[in-house]
1. Go through (1) within 16 Å of residue 9 (Cα to Cα); (2) modelled with pLDDT under 90; (3) not in a loop (DSSP other than H, G, I, E, B) for residue 74 and report which single condition fails.
2. What number of residues within region 108-117 are farther than 17 Å from residue 21 by Cα and not β-branched (Val, Ile, Thr)?
3. For the condition farther than 23 Å from residue 142 by Cα and either in a helix (DSSP H, G or I) or at pLDDT below 90 (or both), what is the one hit in 2, 80?
4. Count, please, the residues in region 52-69 that happen to be among the small types (Gly, Ala, Ser) and farther than 19 Å from residue 84 by Cα.
5. Restricting attention to region 118-130, report how many residues are modelled with pLDDT of 60 or more and either surrounded by 13 or more Cβ atoms within 10 Å (Cβ to Cβ) or basic (Lys, Arg) (or both).
Amino acid sequence: MGSSFSMDAADYAISIACKNNSQLIALYVLFCELKYAYSCHILGFVTPTTMNSNIEDARTKANQWFEILENIISKKDSSGKYLLKTDFLVTDTSIIHALLNYAEDHGIKPTVVGTQGRLGLKKMVLGSIASALATYSLCPVLVIK
């Protein structure tokens, strides 16, 4: 959230939405392994209280990001007619699975996503959300690099 890659993608998506008089949905997905709520984590013991605290911290960061997007939209469109819908999602499956399901469930077309453009071993080891979305999405995916 808030990386230069995500902001480039957000700026591009905002431009598309403004030009096409479309609604823009900004989604923040937090991966949280809920099934391990009482387990020992590398950084310490994870309890429901600390997990809830982590979720609320992420929600605060998401709201800050959403506010930045609102400011960008207001600069590009002073009429205020373009609507930004924001959503915060916690998943215990995978971010990719959550994004694909969200897009399908809400009829989102197209999806705009940023990427760092990793290649070779880094892409294999770290994976690529953008690559997976482009591969498995039922709707068009615009990858901004």
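The values are calculated or read from the model by the stated rules, or taken from the named source; none is laboratory data. All of these numbers come straight from a predicted model, not from anything done at the bench. All Cβ positions, even for glycine, are placed from backbone atoms using ideal geometry, and neighbour counts span all protein chains on display.
1. (1)
2. Quick first cut of region 108-117, residues farther than 17 Å from residue 21 by Cα only: 113-117.
Remaining after also requiring not β-branched (Val, Ile, Thr): 114, 116-117.
Residues in region 108-117 being farther than 17 Å from residue 21 by Cα and not β-branched (Val, Ile, Thr): 3 in total.
3. Being farther than 23 Å from residue 142 by Cα and either in a helix (DSSP H, G or I) or at pLDDT below 90 (or both) holds for just one of 2, 80, which is 80.
4. Just the residues of region 52-69 that are among the small types (Gly, Ala, Ser), to begin with: 53, 58, 62.
Those still in the list that are farther than 19 Å from residue 84 by Cα too: 53, 58.
Within region 52-69, residues that are among the small types (Gly, Ala, Ser) and farther than 19 Å from residue 84 by Cα number 2.
5. 4
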